[in-house]
1. Take Asp238 and tell me if it is in a helix (DSSP H, G or I) and assigned by TED's automatic domain parsing to the domain that holds Gln308.
2. Out of the range 299-347, which residues are small (Gly, Ala, Ser) and closer than 23 Å to Glu50 by Cβ?
3. Being surrounded by fewer than 17 Cβ atoms within 10 Å (Cβ to Cβ) and either at negative phi or among the aliphatic types (A, V, I, L, M) (or both) is the filter here, so list the residues in the range 40-55 that pass it.
4. Can we say Phe350 is part of a loop (DSSP other than H, G, I, E, B) and over 20 Å from the mean Cα position of the chain (by Cα)?
5. What is the number of the single condition among (1) of a type in the set (A, V, I, L, M, F, W, C); (2) touching a strand residue (DSSP E or B) at 6+ places or on another chain (Cβ under 7 Å); (3) outside the structural domain of Gly264 (by TED's automatic domain parsing) that Phe350 does not meet?
6. Among the helices (runs of 4 or more DSSP H) contained in the range 124-215, which hold 3 or more residues that are over 18 Å from Ile82 (Cβ atoms) and at pLDDT 95 or above?
7. Taking the options Asn58, Asn72, Asn97, Asn67, name whichever one is modelled with pLDDT of 95 or more and closer than 27 Å to Pro271 by Cα.
Amino acid sequence: MKRFVTITLFLISCSIVLGQDQNFDKKKLDSLLTYIDVNRKGMHSISIFENGKEVYQNSIGFADVSNKIMANGQTKYRIGSISKTFTAVLIMKLIENGKLDLTTKLSDFFPSIQNSDKITIEHLLRHRSGIFNFTNAKDYSSWMEKPISHEALIEKIKENGIVFEPDSKAEYSNSNYVLLSQISEKVTQKKFADLIQDVICKPCGLNSTGYGGKIDPKRNEALSYKWSGNWELASETDMSVPAGAGAITSTPTELNKFLTCLFGNHILPEPTLETMMKIVDGYGIGMFQVPFHEKKGYGHTGGIDGFQSNAFFFPKEKMSIAFTGNGQIMSMNNILIGALSVYFNKEYKFPEFKEVFILEADDLNTYLGTYGSPSFPLKIKIFKKKNILYGQATGQSEFPMDALGEHQFRFEPAGLKITFAPNENTLVLYQGGGEFKLQKEGEN
């Protein structure tokens, strides 16, 4: 049995507007976030700075769903890979202080890592080391929620060796920034968490930013969630695992304070910042460039467990924008585009959220199985949990899908759509402009 539903659950949205000289349509931005909230497409906090001052802040959704604790401007979120910007700034500061050099070899600290005599600090910073990304390991999900020692983490990094020769290309790897955080400790004899406080947080006046631990909602720390017909708690990675690659927690306001401090040359001198902003094969040092029409921003995105985040600074406009989220259905990139469009007074239409089918569990049986194709690199396993259809690509996390219509399903955060042809035992996967037809295994 199938029926259409329109979600009309209203949650509280509280915005704060500061400053008197801004002319962007704050009410439209309020409306966009309320629209996302009402349609249960995400739980987020946002902050916008201009000329070093906060001109907009808004929070929607819950920090703790089960206890109905609403998020606010002071709620702390895990920021995932935005931590890499902090780590990169720390390393560049250590270089300024003569503790390291961009050409320092990894072999000075970890000689047992393959190619360590060819890998430099700059290769690590720019993702040019060739070291396998340990979070892509097949068994990663089996140990990511458990505490791990520095030594054991290095062994995990070493297990899969290298994937290309140093400096031959760039390829994102969390291993690089875990190594950098351990190197910072070796050259200073201080804990990475203390270094972040001393080098960045204290000089920039960040009181709610630092190395994270076990999440405690009573301290206004957000839990993270994944959507499966309702918000369900996501996994909680132990913060000893991501370290300098993703262990920092913060608020959108403090992320903007950090960016303002960094790009105002209050931590590093201008020539060093320019080195960080130089983009090679898509990556700078702890940042990358994001274009928006004719404008250019610099910063990073982040994702860990059910958390998603963005933080970008636009130097010419002297503005920055930071998002943190603990539950995502609508793509964070699309939310960022919407917020920037409103801020810069660009034409923008709110997204159209289609009504979705609510299916009985038995309706899903015809789709279940494993699908593949010689022209597609991964196999897709289709399975169900109660009356929700899930997909899972080889070596990747499972994802729940909404039913849009007859045999049509969607996973909105990844911009992925799947159309099934049960009579042919096939599916067609649409993503990023690509179209891939896969056959159910054992069915021809």
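1. no
2. Gly299, Gly302, Ser309, Ala311, Ser320, Ala322, Gly325, Gly338, Ala339, Ser341
3. Within the range 40-55, Lys53 is the sole residue that qualifies.
4. Considered against the rule, which asks whether it is part of a loop (DSSP other than H, G, I, E, B) and over 20 Å from the mean Cα position of the chain (by Cα), Phe350 comes out as yes.
5. (2)
6. Answer list for the range 124-215: 150-159, 174-188.
7. Matching residue, one of Asn58, Asn72, Asn97, Asn67: Asn97.
For (1) surrounded by fewer than 20 Cβ atoms within 10 Å (Cβ to Cβ); (2) modelled with pLDDT under 95; (3) in the same structural domain as Asp167 (by TED's automatic domain parsing); (4) among the basic types (Lys, Arg), each residue gets a yes or a no:
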site	(1), (2), (3), (4)
Phe263	no, no, yes, no
Pro271	yes, no, yes, no
Glu274	yes, no, yes, no
Met277	yes, no, yes, no
Gly284	no, no, yes, no
Phe292	yes, yes, yes, no
Gly297	no, no, yes, no
Phe307	no, no, yes, no
Phe312	no, no, yes, no
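The values are calculated or read from the model by the stated rules, or taken from the named source; none is laboratory data. What you are looking at is a predicted structure, and each value in this text was computed from that prediction instead of being measured. Neighbour counts run over all protein chains shown; Cβ positions are idealised from the backbone, glycine included.
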